[in-house]
Amino acid sequence: MNGIAGFLHAPRLPEAGVPVRLQFLGDLLRIEGTETQDVLADRLEVSVTGFNDDTLQLAWQEGDGTHAVTIPDAESQRALVANAPPALVRKVRGGRADIRYHRGKWNTVIGALVTLALLVVLVWWQSEAITEWLAQRVSTETELSIGEHALAQIEAENKLTQEGLAAKTVAEIGGRLTAGSRYKYRWYVSDDQEVNAFALPGGIIVVNAGLIAKAGSPDELAAVLAHEVQHVEHRHTLQQMIHAAGWAAVLAVALGDVSAITAIVIHQLGNLHNSRKLEAQADLEGMKALAHAGIPVGGMASMFRRLQDDEASSGDETPGLLSSHPATAERIAELERLSKTLQCKCRSLSYDWPAIQAALPGVAR
Amino acid sequence: MAPLTHRIEGSDLQFVEITLAAGEAVVGEPGAMMFADEAIEMDTRMGDGDDAGFFGRLSAGFKRAFTGENFFTSVFTNNTSRPLRVAFAAPSPGKIVAVDLASIGGTLISQRGAFLGGTRGVRVGVAFKKRLRAGFFGGEGFVMQRISGSGTAFIHASGTLAQISLRAGESLKVDTGCLAALQTSVTYDVMYVGKLKTSILGGEGLFLAQLKGPGVVWLQSLPMKRLRASLLGASVAQNRGSAAKIAYFLFIIIFTIIMLSRLP
């Protein structure tokens, strides 16, 4: 019963209040300090006070003014609730509820702010993982529809073909690399003379005539195809689009409204570069796909090396493939290291390579 | 713990001289010491200058730094058998007040940076004002100082410090920024000044702090912010005066030239 500690404030006492102990004797509140006094519980007014609204106050009127007992500490407040006579207990409970309400309100405000801050940090920190996750949420149909739009854009500038020896060879090698994929791949050869190849969302792969003309063997072409296929399989283009177009676009795509967004996104498509991390992933997965299909895995490295040598010797403009796939020394070294580690019962592809190159659309020999 | 024997000297630029009994120790903000007897031992410690563990002292240090105090505390100990003196000076024009913490329930809440020194063992912590409107408009911000312990604490505020006691339910309108310290039993909130005319022309701003008893509050007559504003205002007014003079002369010269050029 002596667990209730408080401070008594009264006109003739020290201004700061004096420490007292409280106890209830029936309907009386006994206040024990330097002197003892009893107050009828019915006369007590309960309110909440204190710097942070966390103190219970029991006040009553005497002849010389207001007297009050303040109870700041939570344990004493609980003891007060437990021991108060029925007449008072409801008021005291109300006071306690007020205190809890203030605390709860504040905790909610702080909690919300902290959560928001954490969320911002998390999004910033995990933005790659989030774009990847979002890219996986886009349906294959939407993806294909974006791919089709992009394809139409490219077709407006270049002649694309699925006919002829070159396109047939590309489709054949591609078919070996993408056996069992969830995508239905389509292979195009463009009459663009730039050394480049790209993958559009939904399984559309475009190989420039310039690349086939520059490739030294079908193995090198296969390596490039394997690499591009990985961009499709892992939805790298979508990830880059999400990154570039922002998340508002993603939401629209996820909701199915493609038209407006694709217009913006396709406009950017030419400028989209996969990050180094995505390129490295495509390199590695591409090599695995090659090994799985029984095609020699060294094609990418030898292709890059020759392009780089050509660039150095001729001083020409950087080929598109190199500008979009930065072939740093480390990358080539990594490619060569990987090609040694991968176990593969591989046989070089046997095609009449000069004949294929001769059949390219629009190649000036 | 017995209150410290001390003497506060000066009228507006004060210092407090404390007489330490044999074995007694005080803490002070680094840089606050004015003089000390030769035999006083000085030591600088992280945190509140008590014998807490390393992490306790580290966290105490951060709490202090957060509330406008120094990360470190200077401890002054009298290890002799005779009484010795040490004095702390106030960092700015204003008053020093000695508060016997035991007499106010063990805890005092003050504005940031108010703590000057006190009995060794007095802790300076963070009193977070958990009310958005008071934090934003109350003039003291969200973070105040919680000075707790059982000895004497010396607090300092600019201007003159008025100690006012409030009875239960009695409440006081206070200009924001004038609140220097308060007992924990006092409710601190803000209120709208009440009338549009007053809020615009009254010069007190839109809000007033509201302090409601029971308990003791300390109010400062000249908050640092106001002192700064009036000094800055005076210096700007001076500049504006000279600029106006130059503009006036320019106007007269141009006017004269125009008049002269129009003469036949």
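Any read-out appearing in this document is the output of simple, stated calculations on the displayed coordinates, not a laboratory observation. No experiment lies behind these values; they were computed from the predicted model shown. Every residue, glycine among them, receives a Cβ derived from its backbone with ideal geometry; neighbour counts consider all protein chains shown.
Calculated FRET efficiency, B:L172 to B:F35, Cβ-Cβ distance, R0 = 51 Å: about 0.85 to the nearest 0.05. Using the Karplus relation 6.51 cos²θ - 1.76 cosθ + 1.60 with θ = phi - 60°, the per-residue 3J(HN,Hα) values for the stretch A:3-17 come to x, 9, 10, x, 10, 9, 10, 8, x, 9, 8, x, 4, 6, x Hz, with x marking Gly and Pro.
Estimated from the Cβ-Cβ distance and a Förster radius of 22 angstrom, the FRET efficiency linking B:S81 and B:D43 is about 0.65. Within the protein assembly as shown, DSSP assigns beta bridges of which about 95% are antiparallel (rounded to the nearest 5). Once the chain from A:K184 to A:D73 is taken as fully extended at 0.36 nm per residue, the excess over their C-alpha distance is 32.8 nm.
Of all the Cα-Cα pairs you can form in the stretch A:1-142, what percent are over 17 Å apart?
67 percent
In this Cβ point-charge picture (+1 for Lys and Arg, -1 for Asp and Glu), the stretch B:5-222 has a dipole of about 980 debye about its Cα centre. Here is how the number arises for chain B: DSSP H runs of 4 or more residues each give -39500 (n - 2.57), the sum is divided by the residue count, and the result at 222 nm is -8000 deg cm²/dmol.
Across all directions, the average flat footprint of the convex hull enclosing the Cα atoms of the stretch B:91-166 is 5.4 nm².
Placing +1 on each Lys and Arg Cβ and -1 on each Asp and Glu Cβ, with no other charges, gives the stretch B:68-174 a dipole about its Cα centre of roughly 160 debye. When only the Cβ of Lys, Arg, Asp and Glu is charged (+1, +1, -1, -1), the dipole of the stretch A:4-105 relative to its Cα centre reaches about 500 debye. Within 10 Å of the Cβ of each residue in B:129-142, the mean number of Cβ atoms contributed by other protein chains is 2. When both bridge partners sit in chain A, DSSP labels roughly 90% of those beta bridges antiparallel. Each of A:G175, A:G164, A:V189 was placed along the dipole of the stretch A:150-193 (beta-carbon charges, centred on the mean Cα), and the one lying farthest toward the positive end is A:G175.
Remark: the stretch A:158-236 is approximated by an ellipsoid whose semi-axes, taken from the C-alpha gyration tensor as √(5λ), come to 18, 13, 12 Å, largest first. Exposure proxy shown here: for A:W353, A:W187, the number of other Cβ atoms within 10 Å sets the order, fewest to most, as A:W353, A:W187.
What the Cα atoms of the stretch A:53-207 give is an Rg and a Dmax of 36.0, 112 Å. Ordered from longest to shortest, the equivalent ellipsoid semi-axes for the stretch B:181-264 are 52, 16, 5 Å, each the square root of 5 times a Cα gyration tensor eigenvalue. Under the criterion of Cα pairs below 8 Å and six or more residues apart, the relative contact order for chain B equals 17 percent. Simple rule: put +1 on each Lys or Arg Cβ and -1 on each Asp or Glu Cβ in the stretch B:177-264, find the dipole, and look at B:L231, B:L263, B:P214; the Cα lying farthest toward the positive end is B:L263.
By the helix-only formula, in which each DSSP H run with n ≥ 4 contributes -39500 (n - 2.57) and the sum is divided by residues, chain A has a 222 nm mean residue ellipticity of -18000 deg cm²/dmol. Sparse packing (at most 10 other Cβ atoms within 10 Å of the Cβ) combined with a DSSP loop state is found for the following GluC sites (Glu not before Pro) in the stretch A:132-192: A:E163.
Starting from the coordinates of the alpha-carbon atoms of chain A, obtain the Kirkwood hydrodynamic radius over all distinct pairs and give the value in Å to one decimal. In chain A this quantity evaluates to 26.4 Å. Taking amide H atoms as placed 1.01 Å from N in the peptide plane, the amide H of B:M34 lies under 5 Å from those of B:A87, B:F88, B:A89, each 5 or more residues away in sequence or on another chain.
Exposure proxy ranking for A:M300, B:M259, based on other Cβ atoms within 10 angstrom of each Cβ and starting from the fewest, stands as B:M259, A:M300.
Cross-link pairs exceeding 18 Å in C-alpha to C-alpha distance, out of B:K63/B:K129; A:K105/B:K130; A:K277/A:K345; A:K288/A:K340; A:K105/B:K129; A:K91/B:K129, comprise A:K277/A:K345; A:K91/B:K129.
Of the residues A:I154, A:N52, A:N107, the one whose Cα sits farthest toward the positive end of the charge dipole of the protein assembly as shown, with +1 on the Cβ of Lys and Arg and -1 on the Cβ of Asp and Glu, is A:N52. Each semi-axis of the equivalent ellipsoid for the stretch A:147-189 is √(5λ) with λ an eigenvalue of the Cα gyration tensor; in descending order they amount to 20, 15, 5 Å. Put simply, the amide H of B:H6, placed in the peptide plane, has neighbours under 5 Å in B:T19, leaving out anything fewer than 5 places away on its chain.
Normalised size of the stretch B:5-222, defined as Cα radius of gyration per 2.2 N^0.38 Å with N residues, equals 1.07.
Here the Debye sum runs over all C-alpha atoms of the protein assembly as shown as equal scatterers in vacuum, and log10 of I(q)/I(0) at q = 0.06, 0.08, 0.11 Å⁻¹ comes out as -0.66, -0.77, -0.98.
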